[in-house]
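Presented below is the structure to which this report refers.
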Amino acid sequence: MRDSHFPVTIKTSAPSLDGVIERARLVDALAKLPAAAKWLQAPSGTGKSTLAASYARRSSKPLVWYRLDERDNDPAFFYAEFAQAIRTQLRLTRQLPKFSSDDHERQHEFAQRFAAGLSGQLAKPVLIVLDDVHRVTNEEMQRALAAIVAAAANGVELLFVSQPIAPTSFFDLIGSRQLALLNDADLRFEVDECTVMIAALRISAAHSESIAALTGGHAGALVLACELLRDTDPKSALGVQTVERIHSHLLTKLVERMPQPQRELLLQTAFVTQLTRSIAVALAGTEAALQLDALVESGILRRVGAGETEVFEAHGLVRQGMQALTHSRLGQAAARALAEHTASTLIECGQTEAAFALLVENQSTARAISVLQQLAEHYAARGQIDLLMDSIAKLPAPDVHCNAWLCFWTGQALLRIDEERARVWFAQAHSAFGTASDVFGMRLAAASMVIAFGLEHADLRELEIWIQRHRDVGGETPIASTERFEPTLLMAIVCAALMQGEYPAQSKSLESIPRLMQLLEMESVWLSHDQRVQAGRLLIEHARVFHGDQIQASNAIVATRRLIQDGIGGALHRGRWLIAAAYAHFEVGNTAASLEYLQQARALAEQSSSLRLQFELSLALADHWMKAQMLPQAAAELDRLEHLAGACPPAQRAEFARIMARLLLLQERHTDGLRWAEDAMRLAVPAGFNGANLRKFEVELVYALAANERLADALTLIKQHDAVPIEAGFAIAHCLQFLMTGGIDQHLRSGLKNARQINFLNLLDRARQPLTRICEAALDNNIESEFVQQLIAIKKLKPSPAAGPTWPWPVRVKTLGEFRLDIGGRFYRPSHKAQDKPLELLRLLITSQALGREFAEKSWIVERLWPDADADSARKSLDMAISRLRKLLECEDAILVSEGRVRLSPIRVWTDIKPLRDALADVRKARDDHASSRARTIDQAASSVKAVLTHYKGVFCAGEEESPWLLAGREAIASSVRHVLLTADSILAGSPDSDLIPALRQALLHDPASEDLARALMRAHLRCGQKSEALSVYRRLRDMLSLLMGLAPSSETEQIRDRALSRESQ
């Protein structure tokens, strides 16, 4: 529909200068203006355009001529046509920036980009003439034209031709001398210029002074006057002596003197702006149409182009005069009828926009609306939204709202830039279709409404209503492949399913997906390029949400990626496609591709300055960084986003609050996270989130409550509000009940089993401390261990201080009983002797723990590992050993160095010394409580002792090279354990000794001459009634003391032996 108004040639053709009088004084005045941009202002018909063409001929620069009209108030139209004119007339090879739907929000910035893009392609100076600038009345477009001037590079000369003076948007340019005005030049023809014109037109015996006086030197009037005086006595024609009256009478006199065919042609085509031969034939007949060339020769008409692009244009003065003459000669009724007939002819000849303008002017509202309905589809497809809305504004709103298809196409146009406004028009269309009992139209309007909701969750308060209306009119029924609106209807089915989280029961709607994939290959079936991109995004999200079908998501990405690469569609929808693709890649672990797509979306957002895309992108980036556990980057994104959130629709404010709650919970700012999660819920409900859409807010609140140890409240929310899908809800509920009751029970087993079966890796995602406790308990009891380890790895959970060896530590070291090093779950065997020093450093750091030190001073380490080296060499050796040890452990942060101290990372390295030390400390506390008579049950004390006995597996670093520092650590551990055993003997007197006896035996085995241990073991045997075992211990002790020390047992030991002998005799 490119020619729906008139051939574009007329917009890019300068006035012909054949036979034009050279007006050197005015051309010189233009040339002397001191700025690269010039503004030529004068009334209609004074020869402004001809003067601009004369100036262009003298300048000899490559020329771009562009004549503006009312359509250029729409930036999408202006930039498309202006760019085409520039590329054609300057023969540029590269594309200029394309105006997209997103650029409506930032027209000033786009104008700067456009000017920069043009300047970058120019190899030499050019002249650009913008004629009839006064036709652009839209203030935003006026500011855009001013921005083009400001951004144009040196060598680009701009000449604006206008009836009024420059609007206010150009005042800054005038003040900065970037724009010069020619508004005081006298464009009236002087006497000598009139003489030249009369001679050129071969008018004899005319008095130039009289002609000049008659016409006031007005160029248009001069042409009429000269044509009127051709072959007549000028004296008899000079009956009217005033300029005011000559202008109103010259045309009438001229028409009276014309041959009948010429007069008929001008009268019958009076309402045609741009005349073609076919229109002339249709309106005035074949004979009259033959007069077109004669009227061009006389100067009444102007010819532009040739052949199929030939167009004839009357001067504005002539056109206005002929319309007035038509009304006076034919009468109002006949003139209106001619205008109606002209409009019909224009439509038949493809000038639909001109027909619409004529019908509006003729107040033919019904026909104008009918014509605009046809144009609306064209405007929607091309994104010419302002042009459509300006046309609608010329018509009565109630009449517009009654035309269902006009409302529908207006909604489609607005869907490219503003889903909320689009929904208003789709609702009007649905109502109008309903009034006409058009069920298919109602389905189409309801489908479009559902799509509008699905593309942007800005305000969902009526979402459920429209989904139900969509169903009521058969929205789920099969769609014929021949249906013109098949893509729209299929997209609505997918949108409804995505927003509700499920397809209707017994629905065959899943068949929509392969069909949509097929349609993506057919460019002609889509209402716009944007719609194809939107469909591609929906397919990606559908594959990601339903069944986790990553193959389908990948297929959708591949099928539609070329649209993004080719720049098809607006930046907003391309950016949303990129965000959806990023999510799909992230969920299969391809974080590099995910980030690349998000960075491409960021470039689009910056290029288009789309606030909505910036908001959605920042949310997606924050989500990406949080999933990657890169919280500082996520916080930076949300900081950038916060200033936008206040101006966003309710649903987006709710989303922002939810994402903020997630970040705070991951930062372990649990109280703040709970507050934001509660705020998100309060915002979500009035914003229209419900059902599946509300679940994510409820889940965030559940996790926030759990993170704050409000487990009962979290469990209540899960049960009362169906906060998550059933399977996930079961898993969360069981795990919460386990946390509330404690102990290993069926709840933990059932919860993790459900989570594994549905691969629910977001189990209590932001409640990290409770989740860590669940994982530790599961691993310690071998419950769903593989799934739990996967959960720990994906969520990068940190172990609690109480985490045991079953946790998937990067490094695990056992030193009690034997030295064993596991790296990444694999037993480490040194392959060569070069690793001796790093391993020695590792044993020394563990020995430091055995000695009760959290950190080891560098000086302390150096003294023990490099005692003979000088200070500098020793420090360098230590640094080298630390680096080699980190490499050996395959974990850079396994060794922490700070302020001259070195330690093993408590969250990367597990050693059996740490839990043993914790257990020893607990026993010492039990001893102190017992000594001070503080309440602590025997069972509690026994549990503490049992923990020590469980952790102590044998001598520290048995079999390792016995350096002095290692022996010191070994003795420290043995002494502490021995002390615990002796403490247990005193505290637990009379309690079961099943755990204590084996431990005492093992300790005595390593220290066979220790009377303390022997006596404790003898007493334990006696408490168990094992008299002979007690006497056996005594005899071994007596023998060892005699053999090793030459001593006899002490009296205290002998007393225990006597008790054993006494009990044995009894």
Point to revise | Lone qualifier among 334, 314, 306 - being within 13 Å of residue 10 (Cβ to Cβ), of a type outside the set (Asp, Glu) and surrounded by fewer than 17 Cβ atoms within 10 Å (Cβ to Cβ) | key: 306
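Residue by residue, here is whether (1) surrounded by fewer than 19 Cβ atoms within 10 Å (Cβ to Cβ); (2) of a type in the set (D, E, K, R); (3) under 27 Å from residue 797 (Cα atoms) holds:
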residue	(1), (2), (3)
629	yes, no, yes
659	no, no, yes
671	yes, no, yes
682	yes, yes, no
732	no, no, yes
Check your understanding: Somewhere in region 57-71, is a residue surrounded by 18 or more Cβ atoms within 10 Å (Cβ to Cβ), at positive phi and modelled with pLDDT under 90?
Key -> no
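Conditions (1) without any contact (Cβ under 8 Å) to a residue 60 or more places away in the chain; (2) within 23 Å of residue 913 (Cβ to Cβ); (3) more than 49 Å from the chain's Cα centre (by Cα), marked per residue:
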site: 754; (1), (2), (3): yes, no, no
site: 769; (1), (2), (3): no, no, no
site: 785; (1), (2), (3): yes, no, no
site: 801; (1), (2), (3): no, yes, no
site: 807; (1), (2), (3): no, yes, no
site: 847; (1), (2), (3): no, yes, yes
site: 860; (1), (2), (3): yes, yes, yes
Check your understanding: So which residues in region 483-519 are assigned to a loop (DSSP other than H, G, I, E, B) and at pLDDT 85 or above, if there are any at all?
Key -> 483, 484, 485
Check your understanding: Quick one: would you say residue 477 is modelled with pLDDT under 85 and polar (S, T, N, Q)?
Key -> yes
Point to revise | Among the candidates 682, 675, 710, 695, residue that is under 19 Å from residue 758 (Cα atoms) and basic (Lys, Arg) | key: 695
Revision key, fill the gap. When residue 747 is run through (1) more than 35 Å from the chain's Cα centre (by Cα); (2) within 30 Å of residue 829 (Cα to Cα); (3) not charged (D, E, K, R), the failure sits at (2)
Review point. When you scan region 815-932 for strands (runs of 3 or more DSSP E) that lie fully inside it, which ones turn up with 3 or more residues that are touching a Leu at 6+ places or on another chain (Cβ under 7 Å) and surrounded by 17 or more Cβ atoms within 10 Å (Cβ to Cβ)?
Key: 901-904
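Residues checked against (1) among the β-branched types (Val, Ile, Thr); (2) over 21 Å from residue 955 (Cα atoms); (3) surrounded by fewer than 16 Cβ atoms within 10 Å (Cβ to Cβ); (4) within 60 Å of the chain's Cα centre (by Cα):
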position: 1002; (1), (2), (3), (4): no, no, no, no
position: 1010; (1), (2), (3), (4): no, no, no, no
position: 1013; (1), (2), (3), (4): no, no, no, no
position: 1017; (1), (2), (3), (4): no, no, no, no
position: 1020; (1), (2), (3), (4): no, yes, no, no
position: 1032; (1), (2), (3), (4): no, yes, yes, no
position: 1035; (1), (2), (3), (4): no, yes, yes, no
position: 1039; (1), (2), (3), (4): no, yes, yes, no
position: 1057; (1), (2), (3), (4): no, yes, no, no
Review point. Tell me, which helices (runs of 4 or more DSSP H) lie completely within region 975-1060 with 3 or more residues that are at pLDDT 85 or above and closer than 30 Å to residue 852 by Cα?
Key: 1011-1023
Point to revise | Check on residue 88, part of a helix (DSSP H, G or I) and touching a helix residue (DSSP H, G or I) at 6+ places or on another chain (Cβ under 8 Å) | key: no
Exercise for review: Of the conditions (1) within 13 Å of residue 658 (Cα to Cα); (2) in a helix (DSSP H, G or I), residue 720 clears all except one; give me its number.
Suggested key: (1)
Revision key, fill the gap. Among 111, 116, 83, the single one that is within 18 Å of residue 529 (Cβ to Cβ), of a type in the set (Gly, Ala, Ser) and in a helix (DSSP H, G or I) is 83
Check your understanding: So which residues in region 803-814 are in contact with a Phe, Trp or Tyr (Cβ under 7 Å, 6 or more places away or on another chain) and surrounded by fewer than 21 Cβ atoms within 10 Å (Cβ to Cβ)?
Key -> 805
Point to revise | One residue from 345, 326 being within 25 Å of residue 392 (Cβ to Cβ), in contact with a helix residue (DSSP H, G or I) (Cβ under 6 Å, 6 or more places away or on another chain), outside any loop (DSSP other than H, G, I, E, B) and hydroxyl-bearing (Ser, Thr, Tyr) | key: 345
Study note, to complete from the structure: Among 541, 606, the single one that is among the acidic types (Asp, Glu), touching a helix residue (DSSP H, G or I) at 6+ places or on another chain (Cβ under 7 Å) and part of a helix (DSSP H, G or I) is 541
Check your understanding: Which numbered condition trips up residue 350, out of (1) touching a residue at least 40 places away in the same chain (Cβ under 8 Å); (2) crowded, with 17+ Cβ neighbours inside 10 Å; (3) outside any loop (DSSP other than H, G, I, E, B)?
Key -> (3)
Exercise for review: Within region 766-780, identify whether any single residue is outside any helix (DSSP H, G or I), basic (Lys, Arg), touching a Gly at 6+ places or on another chain (Cβ under 8 Å) and not assigned by TED's automatic domain parsing to the domain that holds residue 827, and answer yes or no.
Suggested key: yes
Point to revise | Residue that is modelled with the lowest pLDDT, among those in region 23-45 that are more than 53 Å from the chain's Cα centre (by Cα) and closer than 23 Å to residue 313 by Cβ | key: 23
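The values are calculated or read from the model by the stated rules, or taken from the named source; none is laboratory data. Treat the numbers as computed from the prediction; the structure is a model and nothing was measured. Ideal geometry is used to build each Cβ from the backbone, glycine not excepted, and the neighbour counts take in all protein chains shown.
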